[in-house]
Structure formats: C-alpha cells, structure tokens
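Read the structure below first, then the notes.
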Amino acid sequence: MSKQTSVKLVLLGEAAVGKSSLVLRFVSNDFQENKEPTIGAAFLTQRCTIGTKTIKFEIWDTAGQERFANLAPLYYRNAQAALVVYDITKPASFIKARHWVKELHEQASKNIVIALVGNKYDLLVDPETGDEIEGRRSVSVEEGQALADEEGLLFFETSAKSALNVNEVFTAIGKQIPEE
Ligand code: GDP
Ligand code: MG
C-alpha cells in the first residue's frame, strides 16, 4: 500500500487568465473555448501518483472578479498549495499575480507551496512551425522567473488549451509537499 496524502490547493489570479481551464485540463483532460466564468468558487478533486506517493488534490478554484476578492482568505487560509495564475499576453494580470503572492506570504500558512503560472502559451505559438512568434508575449520568461526566484515559487508557462505543462505544475507541487 502506498501512502495517500490530501493536499488542499487554491487557485488565485485575475479573471479570465484561465484558472478554471487549468483545473478542467488537469481533472478531465478537456478544454472549452468559451468557458463560463466561475461564480464564488468551485471545488474539485483529482488524484495524482508521483513515484510511490498518491496525492489527492482538493482544489478550490476561486472567481477572479474584484467583488469576490475579499472571500479569497477563506480559501487560502489553510491551503497547503496555491497556483497563482496570470495570462502571458496580459501585463495587468502579472501585476495582479505579484499582489497575490505578497498576500499569500503575509496571510497564508508559512509552509504553503506556491506555483507561479503564466498561462495561454498557445497564443504565442505559430501553428505552422510550432515556434514562438516574436513580439506576441507581454510578460517575458525572465520576468516570471525573476518573481519566482525572489519569492521562492515554482514557475511554469502553461497552456490549458494545448495541455502544455499542466500536469507538470501539479506534479511539481506534489513533490514539494512533505510526507504526512
Ligand atoms: P478564469 O476566469 O481564470 O477561471 O478563466 P477561464 O478558465 O474561465 O478562461 C477564460 C477564457 O480564456 C475562456 O474563454 C477560456 O477558453 C480561455 N482560456 C483559458 N485558458 C486558455 C489557454 O491556455 N489558451 C487560450 N488560448 N485560451 C484559454
Ligand atoms: Mg474561473
């Protein structure tokens, strides 16, 4: 019998950066082009095997709208992990991500594992060559990595649409969660 650990995880980030889409990709391996906005928060679970360890992620997907922002502490207060998501084509969403990281470090559990996630990488990619098109992105890899290094975060660029790095984010978090 391998050990099973439950991990309470919260998603934070500006509205429409793709939080719910990342969860849908991770939980159902699916994507919806016009996903209806989350109201309040949604709860989903997904199991994930890492080596001999089974992790049950208990995922709180929050709404990004300002009117729900004051509810966020309810979800991150006893979270063991957080995904702070921004859209790599939207600089304002990166500024918002910085604020969430600061708030988590001030208010959340001091052992919380945080992943900084720059989503919508597919929007940068030339469908013919598969290469990144120059000038498409608004947040550089260096900016993302610098914030992650300063604040001690995991860092990934993802696409909920193409599935790039989505499982990798959760696996990396799972590896950092201490055994119970
Ligand atoms: P949330 O408000 O952060 O939960 O964002 P949603 O998951 O509701 O996504 C907002 C919009 O962005 C929807 O129309 C999604 O289909 C779209 N979207 C989400 N992730 C991606 C992605 O990786 N690539 C692209 N191109 N669109 C995405
Ligand atoms: Mg949502």
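The values are calculated or read from the model by the stated rules, or taken from the named source; none is laboratory data. Note that this is a predicted model, so its numbers are computed, not measured. Ideal geometry is used to build each Cβ from the backbone, glycine not excepted, and the neighbour counts take in all protein chains shown. Side chains included, ligands, DNA and RNA excluded: accessible areas come from the protein's heavy atoms. Shrake-Rupley method; radii C 1.70, N 1.55, O 1.52, S 1.80 Å.
Look at Leu44 and say whether it is within 16 Å of the chain's Cα centre (by Cα), within 19 Å of Ala92 (Cα to Cα) and more than 7 Å from ligand 1 (Cβ to nearest atom). Spell out the reasoning first.
On the way: within 16 Å of the chain's Cα centre (by Cα): yes; within 19 Å of Ala92 (Cα to Cα): no; more than 7 Å from ligand 1 (Cβ to nearest atom): yes.
When the stated conditions are applied, Leu44 does not pass them.
Considering only residues that are assigned to a loop (DSSP other than H, G, I, E, B) and either near ligand 2 (Cβ under 9 Å from one of its atoms) or in contact (Cβ under 8 Å) with a residue 40 or more places away in the chain (or both), which ones fall in region 10-32?
First pass over region 10-32, keeping only residues assigned to a loop (DSSP other than H, G, I, E, B): 13-18, 29-32.
Residues satisfying the conditions are Gly13, Glu14, Ala15, Ala16, Val17, Gly18, Asn29, Phe31.
When region 155-180 is examined, which residues are found to be under 18 Å from Lys120 (Cβ atoms), outside any helix (DSSP H, G or I) and open to solvent by 50 Å² or more (accessible area, probe 1.4 Å)?
Those that are under 18 Å from Lys120 (Cβ atoms), outside any helix (DSSP H, G or I) and open to solvent by 50 Å² or more (accessible area, probe 1.4 Å): Lys161, Ser162, Leu164.
Can you tell me which condition His105 does not meet? The list is (1) within 14 Å of ligand 1 (Cβ to nearest atom); (2) of a type outside the set (S, T, N, Q); (3) in a helix (DSSP H, G or I), and all the others hold.
(1)
Quick check on my filter: what residues within region 33-43 are open to solvent by less than 60 Å² (accessible area, probe 1.4 Å) and outside any loop (DSSP other than H, G, I, E, B)? Talk me through it step by step, then tell me what you get.
Looking only at region 33-43, we keep the residues that are open to solvent by less than 60 Å² (accessible area, probe 1.4 Å), and these are 38, 40-42.
Once the filter is applied, which keeps residues that are open to solvent by less than 60 Å² (accessible area, probe 1.4 Å) and outside any loop (DSSP other than H, G, I, E, B), region 33-43 yields Ala41, Ala42.
Step by step: first the residues of region 1-32, then only those that are more than 11 Å from ligand 1 (Cβ to nearest atom) and of a type in the set (Lys, Arg), then the one that is surrounded by the fewest Cβ atoms within 10 Å (Cβ to Cβ). Which residue is that?
Going through the qualifying residues, I end up with Lys3.
Within region 52-90, track down each residue that is more than 16 Å from ligand 1 (Cβ to nearest atom) and β-branched (Val, Ile, Thr). Lay out the reasoning, then the answer.
Initially, region 52-90 is screened for residues more than 16 Å from ligand 1 (Cβ to nearest atom), giving 52-58, 70, 73-74, 77-81.
Correct list: Thr52, Thr54, Ile55.
Among the residues of region 64-79 satisfying the criterion of being in contact with a helix residue (DSSP H, G or I) (Cβ under 9 Å, 6 or more places away or on another chain) and not in a helix (DSSP H, G or I), which is least open to solvent (accessible area, probe 1.4 Å)? Outline the logic, then answer.
From region 64-79, those in contact with a helix residue (DSSP H, G or I) (Cβ under 9 Å, 6 or more places away or on another chain) are 64, 72-73, 76-77, 79; that's our starting set.
Still in the list and also not in a helix (DSSP H, G or I): 64, 77, 79.
Values: Gly64: 20, Arg77: 145, Ala79: 2 Å².
Looking at the filtered set, the residue picked out is Ala79.
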